[in-house]
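Below is one structure; the comments refer to it alone.
The values are calculated or read from the model by the stated rules, or taken from the named source; none is laboratory data. What you are looking at is a predicted structure, and each value in this text was computed from that prediction instead of being measured. For neighbour counting, all protein chains shown are included, and Cβ atoms are generated from backbone atoms with ideal geometry for every residue, glycine included. Side chains included, ligands, DNA and RNA excluded: accessible areas come from the protein's heavy atoms. Shrake-Rupley method; radii C 1.70, N 1.55, O 1.52, S 1.80 Å.
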Amino acid sequence: MNEVEKLSEEMLRTAFELDASDIHLIPRKSDTLIEFRIHDHLYEYDLMAKPIADRLISYYKFRAGMDIGERRRPQSGSYDIVIHEHKINLRFSTLPTPYDESLVIRLLPQIWNTRLSDLSIFSESTAQLSQLLNFENGLILFSGPTGSGKTTTMYTMLHSAKRRYNCRIVTLEDPIEKLNENFIQMEINEKADLTYQTGFKAILRHDPDIIMVGEIRDLETAKIAVRAALTGHLVLSTVHATNAVLTIHRLIELGLSKFDLKETLVGVVAQRLVTLHCPRCGNVCEENCPNRLKMKRRRTAIFEILTGLPLLDALQDKKPSLGRYKRLEDYYRQISALGYLDPQRLAPGADHVPS
Ligand SMILES: [Zn+2]
């Protein structure tokens with residue numbers, strides 16, 4: 001193993017052990033800054049001399065199948081590695097900058113051991129998500145900003161359904177985030193005319209029970225989702241909106257009728273991730289802290305789930321009565337009251353409900 005390979009292996013292993021989602025190699029005037037994104041925050045990992053960083057970046061470009069000589073255009077590529085017996089897919093992307101190229105590596109561990117109950121410290125929420133899987137057909141929609149964990153929630157629900165019913169699950173994504181042999185997975189490929197619309201139609205001819213479609217962003221895809229739900233399938237997808245009620249409005253804006261929604265929609269889930277802070281120990285729990293188990297993952301999802309009567313209210317333009325469902329704001333307040341929010345991060349913009 002040469003020097004660059006050793007450097008790479010150590011950096012990737014450390015990133016994986018720290019649960020980093022991305023590694024940033026940022027060229028500067030006289031050195032290269034290396035940062036890890038861990039649970040949504042950037043941490044400095046190393047400052048590297050430029051010649052070494054250049055060799056490292058060339059090494060990645062070579063392994064990921066990019067053009068090493070091309071430095072003026074953005075490029076992307078990927079390859080798989082194994083760390084501690086876990087297969088990890090690495091996605092690379094470069095950008096030309098005034099001080100050479102910057103490179104970002106996304107780490108996508110190809111393992112799935114998350115259970116529904118692991119998603120949130122609020123068991124009422126994970127129980128509700130589990131109940132949504134009792135529907136044999138219908139439409140379940142998810143919303144939340146990028147990085148709010150929607151895909152993780154959908155995958156975890158699909159795994160739960162697979163274990164419970166051994167059903168045929170087909171996914172259509174852009175791109176496939178986690179390869180999984182339990183599902184039939186398909187990736188959008190515009191060049192091959194495989195779009196959300198054409199791919200979704202093809203899936204319906206493939207005898208699926210549950211279909212997961214990455215995103216509904218046009219009327220045509222929304223209509224196929226409705227048709228799929230009406231013909232006996234459970235459809236999971238995401239819609240760009242900031243809360244559960246606005247998710248419904250968004251579909252009506254796209255041109256879907258309220259009648260269609262009433263016939264098919266069984267649940268709307270809006271989600272955020274919140275970084276937890278132990279009221280006793282701060283960022284990292286000490287050995288004998290009773291919160292230790294809960295703090296293991298350090299981040300929890302909070303869910304605003306519209307289903308049953310509150311969903312019916314929302315579909316009839318009535319305000320869903322708050323006694324029956326909790327909004328994202330209510331969960332933030334509850335977490336704060338439990339002392340789990342970092343007081344230093346209560347500044348505007350940090351882990352708060354976007355208005
Ligand atoms: Zn603690």
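Observations on the structure shown:
- Some residue of segment 264-273 being out of contact with any helix residue (DSSP H, G or I) (no Cβ under 6 Å at 6 or more places or on another chain), among the aliphatic types (A, V, I, L, M), open to solvent by 40 Å² or more (accessible area, probe 1.4 Å) and modelled with pLDDT under 95: yes
- Leading residue by the ranking (nearest to residue 35 (Cα to Cα)) among those in segment 101-123 that are assigned to a helix (DSSP H, G or I) and touching a residue at least 24 places away in the same chain (Cβ under 8 Å): 118
- Some residue of segment 241-263 being open to solvent by 10 Å² or more (accessible area, probe 1.4 Å), within 16 Å of the ligand (Cβ to nearest atom), modelled with pLDDT under 95 and out of contact with any Cys (no Cβ under 6 Å at 6 or more places or on another chain): no
- Residue 230 being out of contact with any helix residue (DSSP H, G or I) (no Cβ under 7 Å at 6 or more places or on another chain), surrounded by 14 or more Cβ atoms within 10 Å (Cβ to Cβ) and in the same structural domain as residue 330 (by TED's automatic domain parsing): no
- Any chance residue 226 is within 30 Å of residue 340 (Cα to Cα) and either away from the ligand (no atom under 16 Å from the Cβ) or in contact (Cβ under 8 Å) with a residue 60 or more places away in the chain (or both): no
- Single unsatisfied condition, residue 167 versus (1) hydrophobic (A, V, I, L, M, F, W, C); (2) open to solvent by 10 Å² or more (accessible area, probe 1.4 Å); (3) outside the structural domain of residue 261 (by TED's automatic domain parsing): (3)
- Sole residue being aliphatic (A, V, I, L, M), surrounded by fewer than 22 Cβ atoms within 10 Å (Cβ to Cβ), out of contact with any Gly (no Cβ under 7 Å at 6 or more places or on another chain) and in the same structural domain as residue 231 (by TED's automatic domain parsing), chosen from 129, 179, 139: 179
- The listed residues are 67, 19, 46, 40, and the only one of them that is touching a residue at least 60 places away in the same chain (Cβ under 8 Å), open to solvent by 50 Å² or more (accessible area, probe 1.4 Å) and acidic (Asp, Glu) turns out to be 40.
- Test: residue in segment 200-211 that is in the same structural domain as residue 311 (by TED's automatic domain parsing) and under 18 Å from the mean Cα position of the chain (by Cα): yes
- Scan segment 316-336 for residues that are closer than 22 Å to residue 252 by Cα and small (Gly, Ala, Ser) and the total you get is 1.
- Criterion violated by residue 280 - all others in (1) modelled with pLDDT of 95 or more; (2) within 16 Å of the ligand (Cβ to nearest atom) satisfied: (1)
- Matching residues, segment 44-65, being farther than 22 Å from residue 1 by Cβ and of a type outside the set (Lys, Arg): 44, 47
- Scanning segment 23-35 for residues that are buried (at least 19 other Cβ atoms within 10 Å of the Cβ), touching an Asp or Glu at 6+ places or on another chain (Cβ under 7 Å) and within 19 Å of residue 108 (Cα to Cα) returns a single hit, 34.
- Once segment 142-163 is narrowed to residues that are part of a loop (DSSP other than H, G, I, E, B) and open to solvent by 40 Å² or more (accessible area, probe 1.4 Å), the residue that is farthest from residue 108 (Cα to Cα) is 145.
- Residue list for segment 189-204, filter: closer than 12 Å to residue 233 by Cβ and either open to solvent by 40 Å² or more (accessible area, probe 1.4 Å) or among the hydroxyl-bearing types (Ser, Thr, Tyr) (or both): 204
- Scanning segment 22-74 for residues being assigned to a strand (DSSP E or B) and β-branched (Val, Ile, Thr) gives a total of 5.
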